[in-house]
Amino acid sequence: MLARVATEPGALRGWPRAAAAPRRGLCGAAAAAAAPPAVPAAPRPFGQVPGERRPGWLNLLRLWREGGLSNLHLIMARQFRRFGPIYREKLGVYDSVNIISPGDAAALFRAEGALPERFSVPPWVAYRDLRNKPYGVLLKSGEAWRSERLLLNKEALAPELVPGFVPLLSAVGQDFVRRAQAQARHSGAWTGDFSHELFRFALESVCHVLYGTRLGLLQDFVQPEAQRFIEAVSRMFHTTAPLLHLPPALLRRSHGRTWREHVQAWDVIFGQADRCIQSTCRELRRGGARGPRGILGNLVERQRLPLEHIRASVTEMMAGGVDTTSMTLQWALLELARAPRVQEQLRAEVLAAKREAGGDRERMLRGTRLLRAAIKETLRLHPVAVTLQRYTAHEVILQGYRIPPGTLVQVALFAMGRDPAVFAEPERFRPQRWLCAGPRPFLGLGFGFGPRQCLGRRIAELEMQLFLMHVLENFKVETERGAEIGTKFDLILVPDRPIQLTLRPLEGAE
């Protein structure tokens, strides 16, 4: 998908061509969603966009009093039912336009400009300003972002990187299988809340790719340093959500408990990243590590970016690539346990691909279309982010309204994925909907779109595909019957209660 092709004006070299507005005939999607939104002959002014008219601070106060931060995604879905496919909302100092139509998402992409800007997470910006740390590529904007992002794409997103990533990620997946088999040896199965185990797996995986080294997180004993990092990442995400709608300048002057905990969490995260970076640099000075160098080693050796800039972006990738991937895998295992027929179809596909490829993991990836579709379907039902955001570079017409330049526009991923006008039977886990012929532009937005799509997308997709391959080859995934699991917003979407899963070894599995 990220092959080097010609791009629309404003897109960077190396990203896919901007898709046209969705057309009719999408498999599993309602016909109404496939057609571009009707635009009246005379677009209406921005001031007429429907929505709440109260001041932003009152809206934010009401949200806090109602405990609405944890239900932000559900409130957005309710607002779309109330106002229609577009509405305007003010929360704190931020004024945004929210959209749900894939056609509007396509129009927004075409309006993002040559230097697209997204919502910069205020507490993350405030921390870096407080500690005088440089921004990574996630938080940068303008030409500084563009030049750095182009270099990082070559180390993290280019398709030719896959052969180098696969053995690193597959090795961690094999270790998870060995750990699971050991846990199941006495009772015949491994049952429990796997959130912590998957977090450790994801951190081990991303560090293996970034640094070319292992942290040993899949052992029974985890080093205290690594355990502190695990707890810090969880605390960083948890404390970000309540600070999300406050300006960075106000946060830096704050003495509140949530802000203090947020700062302490980032201190631990940067400290762990610095230790990994220093270790990699020592190995390079000695003549290079015996094993793979990872993304960091390649960046340092080529000296195309200052070390401080490399440190900032690699730290962001490490912190952002753990909770997000581990949570998606947890949701994927739950959906497979709830849909045993789909699970068996995926297992048959994986085993057939294994026979065809002679066990070669890279070749197996090419023969597992349904598995890739299952990950897309998981991200549709349980997107990591509630929204995708862009600031418009020039005027754009959305649902017949003039949206001026500089407006924050949010594509509501959770609401779109659950909207029957966009996806037929939206509550049903049906990966096959992604395999039917015909265009499906701007429906699968789990990793974003355009030049500012997730930098770690390639790593995350491979990590999840290889992990699920290993699990399906060796285990049957089960869960409690009839257990209702909801979602809550904690910067990312998480379960509202622990998910109990069982990994039961298959007869004859290696």
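The values are calculated or read from the model by the stated rules, or taken from the named source; none is laboratory data. All values reported here derive from a predicted model rather than from experimental measurement. Using ideal geometry, Cβ is built from the backbone for each residue, glycine included, and neighbour counts are taken over all protein chains shown.
Quick one: how many residues across region 156-177 are surrounded by 17 or more Cβ atoms within 10 Å (Cβ to Cβ) and either of a type in the set (S, T, N, Q) or touching a helix residue (DSSP H, G or I) at 6+ places or on another chain (Cβ under 7 Å) (or both)?
So the answer is 12.
Going through Ala265, Ala337, Ala312 one at a time, which residue ends up being at pLDDT 90 or above and farther than 27 Å from Pro495 by Cα? Break it down stepwise before answering.
Values: Ala265 fails: farther than 27 Å from Pro495 by Cα; Ala337 fails: farther than 27 Å from Pro495 by Cα.
Among Ala265, Ala337, Ala312, only Ala312 is at pLDDT 90 or above and farther than 27 Å from Pro495 by Cα.
Which one is surrounded by the fewest Cβ atoms within 10 Å (Cβ to Cβ) among residues in region 333-375 that are under 21 Å from Phe194 (Cα atoms) and basic (Lys, Arg)?
Checking each candidate, the answer is Arg338.
Tell me, which residue of region 180-232 that is basic (Lys, Arg) and within 26 Å of the chain's Cα centre (by Cα) is farthest from Ala273 (Cα to Cα)?
If we take residues in region 180-232 being basic (Lys, Arg) and within 26 Å of the chain's Cα centre (by Cα), then Arg200 is farthest from Ala273 (Cα to Cα).
So, in region 78-123, exactly how many residues are in contact with a His (Cβ under 9 Å, 6 or more places away or on another chain) and either among the polar types (S, T, N, Q) or farther than 25 Å from Arg440 by Cα (or both)?
So the answer is 6.
Determine if region 45-55 includes at least one residue that is in a loop (DSSP other than H, G, I, E, B), surrounded by 14 or more Cβ atoms within 10 Å (Cβ to Cβ), among the β-branched types (Val, Ile, Thr) and at pLDDT below 55. Steps first, please.
So the first thing to find is which residues in region 45-55 are in a loop (DSSP other than H, G, I, E, B), and the list is 45, 49-50, 52-55.
Checking the rest, the ones that are also surrounded by 14 or more Cβ atoms within 10 Å (Cβ to Cβ) come to 49-50, 52.
Then keep just the ones that are among the β-branched types (Val, Ile, Thr); that gives 49.
Among the residues that remain, those that are also at pLDDT below 55 are: none.
No, every residue in region 45-55 fails to be in a loop (DSSP other than H, G, I, E, B), surrounded by 14 or more Cβ atoms within 10 Å (Cβ to Cβ), among the β-branched types (Val, Ile, Thr) and at pLDDT below 55.
Would you confirm, using the coordinates I've provided, whether Val396 is under 17 Å from Ala77 (Cβ atoms), in contact with a strand residue (DSSP E or B) (Cβ under 9 Å, 6 or more places away or on another chain) and surrounded by 20 or more Cβ atoms within 10 Å (Cβ to Cβ)?
no
Quick one: Leu217 ticks every box in (1) crowded, with 21+ Cβ neighbours inside 10 Å; (2) farther than 28 Å from Ile485 by Cβ bar one, so which box is it?
Every condition holds for Leu217 apart from (2).
With assigned to a strand (DSSP E or B) and surrounded by fewer than 19 Cβ atoms within 10 Å (Cβ to Cβ) as the only criterion, which of Asp95, Asp129 stands out?
Numbers: Asp129 fails: assigned to a strand (DSSP E or B).
Only one candidate passes the filter, namely Asp95.
Name the single residue, out of those in region 282-309 being closer than 13 Å to Leu210 by Cβ and at pLDDT 80 or above, that is nearest to the chain's Cα centre (by Cα).
Among those that are closer than 13 Å to Leu210 by Cβ and at pLDDT 80 or above, it is Ile295.
Being closer than 16 Å to Gln389 by Cα and either more than 21 Å from the chain's Cα centre (by Cα) or of a type in the set (A, V, I, L, M, F, W, C) (or both): is that true of Gly92 here? Steps first, answer last, please.
Values: closer than 16 Å to Gln389 by Cα: no; either more than 21 Å from the chain's Cα centre (by Cα) or of a type in the set (A, V, I, L, M, F, W, C) (or both): yes.
No: the conditions fail for Gly92.
Being within 13 Å of Met318 (Cβ to Cβ) and surrounded by 13 or more Cβ atoms within 10 Å (Cβ to Cβ) is the filter here; which residues of region 242-274 pass it?
Taking region 242-274 and keeping what is within 13 Å of Met318 (Cβ to Cβ), we get 266, 268-274.
If the condition is that a residue be within 13 Å of Met318 (Cβ to Cβ) and surrounded by 13 or more Cβ atoms within 10 Å (Cβ to Cβ), then Trp266, Val268, Ile269, Phe270, Gly271, Gln272, Ala273 are the ones that fit.
Hey, could you check region 399-440 for residues that are under 20 Å from the mean Cα position of the chain (by Cα) and part of a helix (DSSP H, G or I) and say which is surrounded by the most Cβ atoms within 10 Å (Cβ to Cβ)?
This residue is Met416.
Here are Met317, Met327: which of them is surrounded by 21 or more Cβ atoms within 10 Å (Cβ to Cβ) and either in contact with a Gly (Cβ under 6 Å, 6 or more places away or on another chain) or more than 22 Å from Cys454 (Cα to Cα) (or both)? Before you say what the answer is, go through the steps one by one.
Numbers: Met327 fails: either in contact with a Gly (Cβ under 6 Å, 6 or more places away or on another chain) or more than 22 Å from Cys454 (Cα to Cα) (or both).
From the options Met317, Met327, the qualifying one is Met317.
Exactly one of (1) modelled with pLDDT of 95 or more; (2) buried (at least 21 other Cβ atoms within 10 Å of the Cβ) is unmet by Leu443. Its number?
Single failed check for Leu443: (1).
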